[in-house]
Amino acid sequence: MKVVFPLCLAASLFAGAALAEVPRVAATTKPVHALVAAVMGEVGEPTLIVRGSASPHTYSLRPSDAGALQQADIVFWTGPGMELFLEAALAALAVKAQVVELAESPGIALLPLREGGAFEAHDEGEAHAHEHGHEHEGHEARDMHYWLDPANAAHMVEAIAATLVAADPEHAASYEANAAAEIAALGALGEAIEVQLAPVRAVPFVVFHDAYQYFERRFGLNVAGSITVTPDSLPGAARIAEIRARLAGEPVACVFAEPQFEPAIVNTVIEGSAARAGTLDPEGATLEPGPGLYAALLRGLADSLVDCLDGH
Ligand SMILES: [Zn+2]
């Protein structure tokens, strides 16, 4: 009898320890969180840092975010140049965490940031007065909106699964099965959107900030320019006048706002032109977080584009 008790105790301690071994995971943006949530599935739930309708470009860290980062075993983020609020905070706060920069996922080829994304002819004063939020000293100027190509999202899923399997081998089978299902779904999603967007591929449009290079390339779209390179530097009056002059001479069908940023700018820009106004949400600002957010985000972009561009 003396032997039985310690064995029972040991068994229950072991079970408790096994349960506690699911890593505490934090994800920065909604698209990253969605892919992590899809891989974790029934095993656990990641914490989302940039919540609500906030943009990762202009977000500031709250005390509760600092707590989530301090407690995390693993932090998944897009990488330097996107979650600007995080670059300084990560080193200070996520001291015990494994920090995974998904931009480094095998298979993802980052495109250079487009200098001419906001139309070629910059107003000299503005171009020099504003620093690009995507471009930082010490980093090459890479376009960090890579999640908007579903093929890249599949590579992100592979990297997320590999990280979780290494950190929590006990749940390896779940992570691997969830990742395989998500990668298959991403493939089907890309094919469906390709079919949906085929009729409007050639129709020129203007976007709010230069976020869509990866989406454009994947689906062969005709983006004529963007109002601003990055939303942390909004255009001034001279720049808006310049864009309006450009629109007057170009067959642009639509100018797209984004949910977080002043639609008034878009309305001013299209005044007196033939272009219509639409909205694109490249970060999922209007969507509920969760494993389904990524597909909803891409479908939302495709629906908004077809709604505004069809018929031109
Ligand atoms: Zn952006």
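Descriptive notes on the structure:
- The 3J(HN,Hα) values that the Karplus relation (6.51, -1.76, 1.60; θ = phi - 60°) gives for segment 229-245 are, in residue order, 5, 8, x, 7, 10, 7, x, x, 4, 5, 5, 5, 4, 5, 5, 4, 5 Hz. Gly and Pro appear as x.
- The alpha carbon centroids of segment 271-287 and segment 28-68 are separated by 24 Å.
- Computed from backbone phi, the HN-Hα couplings of segment 147-157 come to 5, 7, 9, x, 5, 5, 4, 5, 5, 4, 4 Hz, rounded to whole numbers (Karplus: 6.51 cos²θ - 1.76 cosθ + 1.60, θ = phi - 60°; Gly and Pro given as x).
- The amide H of ARG142, built 1.01 Å from its N in the peptide plane, has LEU113 as neighbours under 5 Å, considering only residues 5 or more places off or on other chains.
- Listed residues THR58, THR29, THR268, most fluctuating in the chain (Gaussian network, C-alpha, under 10 Å): THR268
- Net charge over other residues, Cβ less than 15 angstrom from the Cβ of LEU197 (K, R count +1; D, E count -1): -3
- Top of ALA103, ALA185, ALA237 by mean-square fluctuation, Gaussian network on the chain, Cα under 10 Å: ALA237
- The chain: proportion of alpha-carbon pairs further apart than 36 angstrom, %: 24
- The long axis of helix 172-197 is offset from the longest Cα principal axis of the chain by roughly 20 degrees.
- Relative contact order for the chain, counting Cα pairs under 8 Å that sit 6 or more residues apart, in percent: 20
- Given charges at Cβ of Lys, Arg, Asp, Glu: the chain dipole, positive-most of LEU293, PRO23, SER226: PRO23
- Where N is the number of residues in segment 192-312, Cα Rg divided by 2.2 N^0.38 Å: 1.03
- Taking amide H atoms as placed 1.01 Å from N in the peptide plane, the amide H of ALA257 lies under 5 Å from those of GLY278, THR279, LEU280, each 5 or more residues away in sequence or on another chain.
- Helix-only CD estimate at 222 nm, as mean residue ellipticity for the chain, using -39500 (n - 2.57) per DSSP H run (n ≥ 4): -14500 deg cm²/dmol
- Cα gyration tensor shape of segment 182-255, rounded if a/c is under 1.5, else prolate or oblate by comparing a/b with b/c: oblate
- Build a GNM of the chain with springs between Cα atoms under 10 Å apart, and of ALA264, ALA37, ALA248 the one that fluctuates most is ALA264.
- Close amide H partners of GLN98, meaning residues 5 or more places away or on another chain with modelled amide H under 5 Å apart, are ILE74, VAL75.
Since every read-out is calculated from the coordinates, none of them should be taken as a lab result. Computed from a predicted model, the values in this text were never measured in an experiment. Backbone-built Cβ (ideal geometry, glycine too); neighbour counts: all protein chains shown.
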